[in-house]
């Protein structure tokens, strides 16, 4: 268990460092993301219209309230004709690269690497097979999350494909380290 813990911590650090490189040096972190046209005017409209921080979808239909058939048809028409979108909003703003954000990212990377290390401690195979297994966990995460975001919420294809590179490469690099610490179980 001790080597799994060390492998998880070091593997999480590798993913964290890769994330910094992929988002701050390489164009992976901004692929498919554009600046907001007429930003000042749009932000002014948001400030006067949206009071609470949150995640907003538009057009919206409250499915919990059992909408009438007329409300559902009106929503479907608004959805067809657009615009549609998702907005994550906080009127108060936030600090760029805050200590809280960086620590949360690092802890989540270490927790993910610990899961990968626990998984490797249960399976056999040569070193490169175990490295490939961790990279495949990155592919699994990408398929199960990012493809859904692309499909249902219209995330840009360039963003979605960049996330594939980010996840598979990041977890492949972590796999190089985790598989060194976490040996295959004895048969």
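Of all residue pairs spaced 6 or more apart or on separate chains, those with beta-carbon atoms under 6 Å, a first member in region 39-55 that is on the phi < 0 side of the Ramachandran plot and a second member that is modelled with pLDDT under 95 and part of a loop (DSSP other than H, G, I, E, B) are 42/36; 53/90. The criterion of being under 30 Å from residue 14 (Cβ atoms) and surrounded by 10 or more Cβ atoms within 10 Å (Cβ to Cβ) holds for residue 104. Does residue 61 satisfy the criteria of being surrounded by 14 or more Cβ atoms within 10 Å (Cβ to Cβ), out of contact with any strand residue (DSSP E or B) (no Cβ under 7 Å at 6 or more places or on another chain) and either over 30 Å from residue 91 (Cβ atoms) or free of Cβ contacts under 8 Å to residues at least 60 places away in the same chain (or both)? So residue 61 passes the test. Just to be sure, is residue 158 under 15 Å from the mean Cα position of the chain (by Cα), modelled with pLDDT of 95 or more, part of a helix (DSSP H, G or I) and under 30 Å from residue 49 (Cβ atoms)? Answer is yes for this residue. I need the full set of residues from region 87-99 which are loosely packed, with under 10 Cβ neighbours inside 10 Å and not in a loop (DSSP other than H, G, I, E, B), in order please. Residues satisfying the conditions are 88, 99. Take the conditions surrounded by 19 or more Cβ atoms within 10 Å (Cβ to Cβ), modelled with pLDDT of 95 or more and part of a helix (DSSP H, G or I) and apply them to residue 174. Does it pass? Yes; evaluated as a whole, the condition is true for this residue.
If you check residue 73 against the conditions, is it in contact with a helix residue (DSSP H, G or I) (Cβ under 8 Å, 6 or more places away or on another chain) and either surrounded by 12 or more Cβ atoms within 10 Å (Cβ to Cβ) or at pLDDT 90 or above (or both)? Criteria not met by residue 73.
The set of residues in region 69-86 being without any contact (Cβ under 8 Å) to a residue 24 or more places away in the chain and outside any helix (DSSP H, G or I) consists of 82 alone.
The values are calculated or read from the model by the stated rules, or taken from the named source; none is laboratory data. Remember, it's a predicted structure, so these values are computed and weren't measured experimentally. Note that each Cβ is placed from the backbone with ideal geometry, even for glycine, and that neighbours are counted across all protein chains shown.
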